[in-house]
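Trainee: Would you mind keeping the following structure in view while I ask a few things?
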Amino acid sequence: MEKLQTPFYRIKEKDLAYDIGLLQSSLEKHWGKNYIMGYSVKTNSLPWLLNHLKEAGFYGEVVSDQEYLLCQRLGYAKQHMIYNGPIKDKAIFQQVLIDGAILNMDSNYELDWLEVFSKENPSKQFSVGLRVNCDIASLCPTEQLVEEEGGRFGYCYENGHLGAAIARIQALPNVTLAGFHLHSSTQSRTVTVYGALAQVACNLAKEYGLDLAYVDMGGGYFGGRADKPSYPDYFAEICKVLKTQFDPKKTTIIAEPGVSLISRATTFETSVIDTKEIRNHTFVVTDGSRVNLNPQVTRHVYPHHMEYSSDPAARKTLPSQWICGATCMEYDRLFEEINGPQLIPGDRVIYDTAGGYTICLTPLFIHYFPAVYIEKEDGSIFTAREPWTNEEYLAKNYW
Ligand SMILES: *Cc1c(COP(=O)(O)O)cnc(C)c1O
């Protein structure tokens, strides 16, 4: 295969197809045909990927006006949109209602908008969903939360704000409360927490006497990792619980995965440029950076493998080599290679599971955006994004 200039991201179509198939078969096995797969655009908004997932039948799950308009430009059907998040655009909010796409409300002003808009259009019928905020810490005491204080999205069940939102919607003659949105990120992403969230949907439907058109379980799943649960585990549990209250023929289940769908398929590939001894340390300079993998610089583990340019068995073993990135920041150190073959210029360090929250979060810091290549099922390479140059950087600048 041709040797591509590093650094770049590679997406393997075959691995992506595997995870798409796994999601689809898990939903179908446990819920039948009545499901919708959404893709979380914010996780990786690469145009090639958005188009590819659209072709595979995914809806666009968006949380900003730009994301909504991007999906529209890439040809997503107006009805195949899921509009989420706390910051909505009024014109798009109304458009989504008119189109009959999925709208999950999150903020207080949306209830005001809905009341005015439904009154202005009395002959039209609208349906909306509500994002539920419930106390996961008390439902699942062993779960590791993303934030200690708990989630900040949606309407709080415990203080009655969710109930008040339901009442306001039910008071509108031409609006139906169609569904609940249960996306809740946890650090530990266990199957148990999804079972508990499904139970919350059941309890709410019972408590408020609702026939829901859909239950949206959100994203946040693990995927592509042998040591963690995957779609078959999650949807077996979710569907088992949901079936105690909902009929799979009448209620649609929605999944909105992001990172779990694209992790296995995506690598970030870098080259060793130089190695140097500084007092008692060996530093290995590479042309990729921590900012290409974890721009927030919060991670300390970077799953990876090496491609040596010559037989590693013939090389010296070094007790410690620090693999460093291409920026001029001291913190741009990725991992310590302990008791490994001595690295030399031309070796490749390839980071695995690099698809989520990387390509779209990479900053324009010192270096511009790297290329993205698609490895097609037949092994050929398609350029999905050329590396950025000053052409792109200078666009719409004036001086
Ligand atoms: C971020 C997000 C997702 C996807 O989360 P992953 O952890 O990438 O699977 C899905 N739904 C909503 C509402 C989100 O905000």
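The values are calculated or read from the model by the stated rules, or taken from the named source; none is laboratory data. Keep in mind it's a predicted model, so treat the numbers as computed, not measured. Cβ atoms come from the backbone with ideal geometry, glycine included; neighbour counts cover every protein chain shown. Ligands, DNA and RNA are excluded from the accessible area calculation, which covers all protein heavy atoms including side chains. Shrake-Rupley method; radii C 1.70, N 1.55, O 1.52, S 1.80 Å.
Trainee: For segment 223-311, what % of the accessible area comes from carbon and sulfur atoms, probe 1.4 Å?
Mentor: 50 percent
Trainee: Just from the alpha-carbon atoms, what are the Rg and Dmax of segment 298-399 in angstroms?
Mentor: Final numbers for Rg and Dmax: 17.1, 55 Å.
Trainee: Taking only the alpha carbons of segment 255-303, what extent do you get along each of the three principal axes, in Å, biggest first?
Mentor: Principal-axis extents of segment 255-303 (Cα, largest first): 52, 21, 15 Å.
Trainee: In deg cm²/dmol, rounded to 500, what helix-only [θ] at 222 nm does the chain give when every DSSP H run of at least 4 residues adds -39500 (n - 2.57) and the total is split over its residues?
Mentor: -8500 deg cm²/dmol
Trainee: Now for a different question. Starting with the highest mean, order 160-169, 15-24 by the number of other Cβ atoms within 10 Å, averaged over the residues of each peptide.
Mentor: Descending packing order for the listed peptides: 15-24, 160-169.
Trainee: Roughly to the nearest percent, how much of the accessible area of segment 63-145 is carbon and sulfur, given a 1.4 Å probe?
Mentor: Answer for segment 63-145 is 52 percent, counting heavy atoms of protein chains only.
Trainee: Then there is this: How big is segment 215-278 on each of its three principal axes, counting only the C-alpha atoms and giving the largest first in Å?
Mentor: Ordered largest first, segment 215-278 gives principal extents of 65, 19, 18 Å.
Trainee: Taking all protein chains as present, what is the carbon and sulfur share of the accessible area of segment 170-210, in % to the nearest whole number, probe 1.4 Å?
Mentor: 50 percent
Trainee: Provide the packing ranking of 123-133, 291-301, 88-98, 39-49, i.e. peptides ordered by the mean count of other C-beta atoms within 10 Å per residue, highest first.
Mentor: 39-49, 123-133, 88-98, 291-301
Trainee: In whole angstrom, note down how far apart the Cα centers of segment 321-336 and segment 7-24 are.
Mentor: 28 Å
Trainee: Among the listed pairs Lys12/Lys396; Lys206/Lys240; Lys78/Lys250, give every one whose C-alpha distance is greater than 26 Å.
Mentor: Beyond 26 Å between Cα atoms: Lys12/Lys396.
Trainee: Take the eigenvalues of the Cα gyration tensor for the chain, scale each by 5, and report the square roots as semi-axes in whole Å, largest first.
Mentor: 43, 23, 20
Trainee: Something else about it: Please calculate how many Å² of accessible area segment 187-287 carries per residue, with a 1.4 Å probe and no DNA, RNA or ligand atoms counted.
Mentor: On a per-residue basis, segment 187-287 sits at 40 Å².
Trainee: Given Cβ point charges of +1 (Lys, Arg) and -1 (Asp, Glu) and nothing else, what value in debye, to the nearest 20, does the dipole of the chain about its Cα centre take?
Mentor: Around 500 debye, computed over the chain.
Trainee: Turning to a different aspect of this structure: Around Tyr59, under 15 Å between beta carbons, what's the net of Lys plus Arg minus Asp minus Glu among the other residues?
Mentor: -3
Trainee: Something else about it: Solvent-accessible area per residue for segment 45-97 at a 1.4 Å probe radius, Å²?
Mentor: 42 Å²
Trainee: On to the next question. Which residue, Gly151, Ala165, Ala178, has the largest displacement toward the positive end of the dipole of segment 88-241 when charges sit on each Cβ (Lys, Arg +1; Asp, Glu -1)?
Mentor: The residue sitting most towards the positive pole is Ala178.
Trainee: In debye, nearest 20: dipole of segment 144-294 around its Cα centre with unit charges on the Cβ of K, R (+) and D, E (-)?
Mentor: About 260 debye.
Trainee: Next up: Give me a comma-separated list of calculated 3J(HN,Hα) values for segment 265-275, in order, Karplus coefficients 6.51, -1.76, 1.60 applied at θ = phi - 60°, integers in Hz, x for any Gly or Pro.
Mentor: 7, 10, 10, 10, 10, 10, 10, 6, 9, 7, 10
Trainee: Continuing with the same structure: Note the direction-averaged projected area, equal to a quarter of the hull surface, for the Cα convex hull of segment 147-301, in nm².
Mentor: So the mean shadow area of the Cα hull is 13.6 nm².
Trainee: Take the alpha-carbon positions of segment 117-230, form their convex hull, and give its projected area averaged over all directions (one quarter of the hull surface) in nm².
Mentor: The number I arrive at for segment 117-230 is 8.2 nm².
Trainee: So what are the ³J(HN,Hα) numbers for segment 376-391, from phi and the Karplus equation (6.51, -1.76, 1.60; θ = phi - 60°), rounded to whole Hz, Gly and Pro as x?
Mentor: Result, ordered by residue: 6, 4, 8, x, 6, 10, 10, 7, 8, 8, 6, x, 5, 10, 5, 4 Hz.
Trainee: Please calculate how many Å² of accessible area segment 114-171 carries per residue, with a 1.4 Å probe and no DNA, RNA or ligand atoms counted.
Mentor: On a per-residue basis, segment 114-171 sits at 60 Å².
Trainee: Now for a different question. Give the percent of DSSP beta bridges with both residues in the chain that are antiparallel, rounded to the nearest 5.
Mentor: Here the antiparallel bridges make up roughly 45 percent for the chain.
Trainee: Can you list the lysines whose alpha carbon is less than 16 Å from that of Lys316, not counting same-chain residues fewer than 8 positions off?
Mentor: Lys276
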